[in-house]
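Okay, so here's the structure we're looking at.
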Amino acid sequence: MSGRARLVVVLCPERSGSTLLAAMLGGHPRIVAPPELHLLRYPDVAAWRAAYPAAAASFAWLLRRLDLEAEIGPLAEPSSHVPTTALLALVLERSGSELAIVDKTPAYGRDERALHRAEALQPFYVRLLRHPLAVAASWLDREGRRIREASGSWPWPLSAARTRLLLSLERNRRIARALARWTDVHERVGSFLATVPPSRQITLRYEDLLASPEAEAARICAMLGLEPDPRMLAPERNLPDPLGWHVGDEKIRGFTGIDRTRATAWQRELGDLPLPPRTAALAAGFGYDLPGAASTRSRSLDV
C-alpha cells in the first residue's frame, strides 16, 4: 500500500448519535470505524493506557482490521511513551490511501488539547448536531439503564417504579448537567472549526441522518471522495466487536435499521422544558425549534 489513509474525526457531545453515525460509516468497504479510541486525549501511549484502559480493545480491533497488529501492536503497549499523534499517524501511513479511518470519541470536544492533537494530523471533521433536549433525554435513558443493570448486585429488588424514583431524585440536576455539556462542547468545537478550512469539515444533524440517511451518507462520502455504499444504511450489521459502555453505546445492538422516530422520542418527556439562554441561542443558530422560550422559568437549569 502507498499513500496515507484519511482520518475522519467526529466532533459532538456525548449522546448525540455518534455510535449510529460510526456504524453507518463502517458499512462502507473503504471506511474503518472502530469503537471510541480516546487516543488523542492523552500525550503518549502510556498515559492513554493508564487513564483509559477500555479503549485499548478499540485500538487492537482497529489494528486487526487493518492487518497491522504485528507491526504496530508493540508500540501500543502500556509501557510505550510513543506520542499518540505519532502512533495514529503511523496507522494512517501504513493503511494506504484507499481507506478512511474514523476516530469517533465525543470526549475530544471537551478538551482543547485533544482538538489540537487531532488537527496536527489534518483530518476531515464531521460535526454532529442533535437537539439539546434530545441529548438530555438520552442521558436520562442511559442513567436508567445503568441503574437497572447494577440492580442485580443490590440487596433489594429494583422495580421499574423504584428506578423512576432514583432518577427523579436528581432529574433536574442531570438535565442541567447534560445541557451544560452540550453548550460547552458546541461552543468549543465551533470556535475550533472556525480555524479549519471548509473543505475539511462537514456538519450533520442527527435528525437529518435518521430522516434522510442515504442523502447524509452521500454528503460524507462526497467530502472523502468516495461513492456511497448501500451497506451504510444497515448500521446494525457494521458493529465492531469491542463496542460497549465507555467506548460507544451498547443500545445500538438492539436496533434494526434506521428508525426516524428516534429523532423526536425525547419530546414525550422533555418537550415543554425551556432551555437556558446560552443553550437556546446555540440551538436556534443550528436551526432547532425551541420547545419553550428561555426565561426565568429555566433558572434552575442555567448553563
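The values are calculated or read from the model by the stated rules, or taken from the named source; none is laboratory data. Worth saying up front: this structure is predicted, and the values here are computed from it rather than measured. Glycine gets a Cβ as well: all are built from the backbone with ideal geometry, and neighbour counts include every protein chain shown. Side chains included, ligands, DNA and RNA excluded: accessible areas come from the protein's heavy atoms. Shrake-Rupley method; radii C 1.70, N 1.55, O 1.52, S 1.80 Å.
Here are some notes:
- Residues that are modelled with pLDDT under 90 and assigned to a helix (DSSP H, G or I) do not occur anywhere in the stretch 183-190.
- Residues located in the stretch 197-212, provided they are open to solvent by less than 10 Å² (accessible area, probe 1.4 Å) and not in a helix (DSSP H, G or I): Leu204
- Verdict on Ala22 being open to solvent by less than 20 Å² (accessible area, probe 1.4 Å), in a helix (DSSP H, G or I) and under 28 Å from Arg177 (Cα atoms): yes
- Filtered by the rule that a residue be more than 20 Å from His131 (Cα to Cα) and either buried (at least 18 other Cβ atoms within 10 Å of the Cβ) or of a type in the set (Asp, Glu) (or both), the stretch 239-272 gives Leu239, Pro240, Asp241, Pro242, Leu243, Val247, Glu250.
- Among residues of the stretch 216-236, those that are part of a helix (DSSP H, G or I) and farther than 28 Å from Glu250 by Cβ, counted: 3
- Whichever residue in the stretch 131-182 is open to solvent by 20 Å² or more (accessible area, probe 1.4 Å) and among the hydroxyl-bearing types (Ser, Thr, Tyr) and, among such residues, is modelled with the lowest pLDDT: Ser153
- Residues (open to solvent by less than 30 Å² (accessible area, probe 1.4 Å) and not in a helix (DSSP H, G or I)) located in the stretch 32-62: Val32, Ala33, Pro34, Pro35, Glu36, Leu37, His38
- Selection count where residues are part of a loop (DSSP other than H, G, I, E, B) and within 18 Å of Phe124 (Cβ to Cβ), scope the stretch 1-15: 4
- Some residue of the stretch 41-61 being closer than 21 Å to Ala234 by Cβ and modelled with pLDDT of 95 or more: yes
- Here is the figure for the stretch 273-284: residues that are crowded, with 18+ Cβ neighbours inside 10 Å and either modelled with pLDDT under 90 or among the hydrophobic types (A, V, I, L, M, F, W, C) (or both) total 5.
- Subset of the stretch 116-143 (residues that are among the aliphatic types (A, V, I, L, M) and under 14 Å from the mean Cα position of the chain (by Cα)): Val126, Leu128, Leu129, Val135
- Check on Glu236, modelled with pLDDT of 95 or more and of a type in the set (D, E, K, R): no
- Some residue of the stretch 270-280 being within 27 Å of Asp103 (Cα to Cα), of a type outside the set (D, E, K, R) and in contact (Cβ under 8 Å) with a residue 60 or more places away in the chain: yes
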